[in-house]
């Protein structure tokens, strides 16, 4: 009589499997996954193993990446491996830098004042909207500033929420650049 693997053994990622994940994420999305993230990856994938009633990471890899049958698991995988941490003025040092250096940057450009900003990994959009607030505020100093902001993410649910531009809660929204 065989028994199902214990929860800890069930979700263990072998060296070969970890190499598969990091190479896949690097080549597909440009993600850098250091070795110390292995335990985090294991902990995030165990819920999918349980939901799918799979007994190992190898079964999960076969089901998600190698199956000839269509399934929706890939999107669940994306949701599990991405971090959805976002809020207004997150990593405020970036917005401070932009606010302090934008006028000089625009002045030294030989082309127009058209600025295109890309928020890669924009999640649900709070940082994209923060960028818009900062740039809109800078129009007082740079009246002919014209900008476009592009937000991208691999999470479809996050992008759908970002596109709506509706936020249910804001931590104290203080504009720190005045």
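A few points about this structure:
- Residues satisfying the stated conditions in the range 88-137, i.e. closer than 20 Å to residue 154 by Cα, out of contact with any helix residue (DSSP H, G or I) (no Cβ under 8 Å at 6 or more places or on another chain) and not in a strand (DSSP E or B): 121, 126, 127, 129
- Among the residues making up the range 97-108, those that are modelled with pLDDT under 90 and exposed (fewer than 11 other Cβ atoms within 10 Å of the Cβ) are 104, 107, 108.
- The range 139-148, subset surrounded by fewer than 16 Cβ atoms within 10 Å (Cβ to Cβ) and at pLDDT 85 or above, residue nearest to residue 127 (Cα to Cα): 148
- Among the candidates 132, 121, 125, residue that is under 22 Å from the mean Cα position of the chain (by Cα), at pLDDT below 85, within 21 Å of residue 163 (Cα to Cα) and assigned by TED's automatic domain parsing to the domain that holds residue 156: 121
- Looking across the range 14-50 at every residue that is outside any helix (DSSP H, G or I) and surrounded by 12 or more Cβ atoms within 10 Å (Cβ to Cβ), the one that is nearest to the chain's Cα centre (by Cα) is identified as 31.
- Pairs where the first residue, in the range 65-87, is outside the structural domain of residue 29 (by TED's automatic domain parsing) and the second is outside any helix (DSSP H, G or I) and at pLDDT below 80, C-beta under 9 Å, 6+ apart: 87/170; 87/171
- Test: residue 62 is surrounded by 11 or more Cβ atoms within 10 Å (Cβ to Cβ), without any contact (Cβ under 8 Å) to a residue 40 or more places away in the chain, part of a loop (DSSP other than H, G, I, E, B) and more than 20 Å from the chain's Cα centre (by Cα): no
The values are calculated or read from the model by the stated rules, or taken from the named source; none is laboratory data. Because the structure is predicted, anything quoted here is derived from the model rather than measured. Positions of Cβ are generated from backbone atoms using ideal geometry, with glycine treated the same way; all protein chains shown enter the neighbour counts.
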